[in-house]
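Worksheet: one structure, shown below.
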Amino acid sequence: MRITTVPLNQHDLIRRGETNGFTITEAFSRPGPIPMHAHAQFSITILLDGAFEERYQPIQKPRSCRPGTVLVRPAGELHANTLGRDGGRTVSIELEPGRLDVLRPLSQLTCQRQECFLDTGLAISRELGSLDDAAPLAIEALSLELLARLIRAEQPCTRPPKWLERARDSIHEHRGGKPLLVGELAAEAGIHPVYFARAFRDAYRVTPGEYLRRVRLERARTQLVSSRMPLAEIASDCGFADQSHFARLFRRRFGAAPGEFRRIVRG
């Protein structure tokens, strides 16, 4: 068993930053098993993209994790992971002991596992990739906001109904070609389109169209980090109309063109 920082394997590291007692790490783990290990500091991890199962002691039954899942891990908690076929991209917050002492309510979060923090995780990821001098302040504020939400949560977030999860899965599986319409998603679920759109926004905080755009951009960002695919091929594989359309939306979302982003990450 190994005691490590986040991530376990340093070749999985995408980028890391430190601000006022917080260490923020974004990582991409490839498909396959990660053996039982523990982290030296209290950490909170949000799954941004992909899927994995986590098994931790003393509970041996695997826990399935999907985008938006947050995992609270006390220092030294033993856990093992099995990454799905697309791997998994995460953002983790590690707290120095002094900062943890000040935030005593966090001791109540032991073994909490919830699934509604994708918005906060993506916001932290964006700030971690920012190059301006406001990023450390923004990252600390987002981290504190996340901790406050977790401390206030007296019970896990309400899980969306099965029909809504199936609709979300359909969005994740869509690769382009025929446009994906709200009416079709609602018809497949047997729900009126107006109710479907309202329920989707209530559950995922964005419209179905914006969710689809984010899924495509996050998939493209993962490929920019983990592969050497040409930009045009990534644009086509992720469902964008063409490379210029891909570049325009990517820059708007992440503040850098795809090629520039790839150079920054690999640099």
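When each of 143, 130, 170 is tested for being surrounded by 13 or more Cβ atoms within 10 Å (Cβ to Cβ), in contact with an Asp or Glu (Cβ under 9 Å, 6 or more places away or on another chain) and of a type in the set (S, T, N, Q), the lone residue that passes is 170. Residues in the range 68-97 that are modelled with pLDDT under 90, buried (at least 23 other Cβ atoms within 10 Å of the Cβ) and within 11 Å of the chain's Cα centre (by Cα): 69, 70.
Entry remark, the range 201-224: residues being over 16 Å from residue 173 (Cα atoms) and surrounded by fewer than 17 Cβ atoms within 10 Å (Cβ to Cβ) number 5 in total.
Inspect the range 168-180 for any residue being outside the structural domain of residue 44 (by TED's automatic domain parsing) and more than 26 Å from residue 85 (Cβ to Cβ) and give the result as yes or no. Yes, the range 168-180 has at least one match.
Looking at the range 228-249, which of the residues that are under 20 Å from residue 172 (Cα atoms) and part of a loop (DSSP other than H, G, I, E, B) is nearest to the chain's Cα centre (by Cα)? Among those residues, the one meeting the criterion is 238. The number of residues in the range 172-201 that are farther than 30 Å from residue 14 by Cα, under 19 Å from the mean Cα position of the chain (by Cα) and among the charged types (D, E, K, R) comes to 1. Just so you know, in the range 18-55 the residues that are touching a residue at least 60 places away in the same chain (Cβ under 8 Å) and more than 17 Å from residue 146 (Cα to Cα) include one that is surrounded by the fewest Cβ atoms within 10 Å (Cβ to Cβ), and it is 30.
Of all residues in the range 250-259, one or more are outside any loop (DSSP other than H, G, I, E, B), within 23 Å of residue 87 (Cβ to Cβ) and among the hydrophobic types (A, V, I, L, M, F, W, C). Among helices (runs of 4 or more DSSP H) entirely within the range 131-206, having at least 2 residues that are touching a Gly at 6+ places or on another chain (Cβ under 8 Å) and of a type in the set (A, V, I, L, M) singles out 135-152.
The values are calculated or read from the model by the stated rules, or taken from the named source; none is laboratory data. These figures come from a predicted structure and were not determined experimentally. Neighbour counts run over all protein chains shown; Cβ positions are idealised from the backbone, glycine included.
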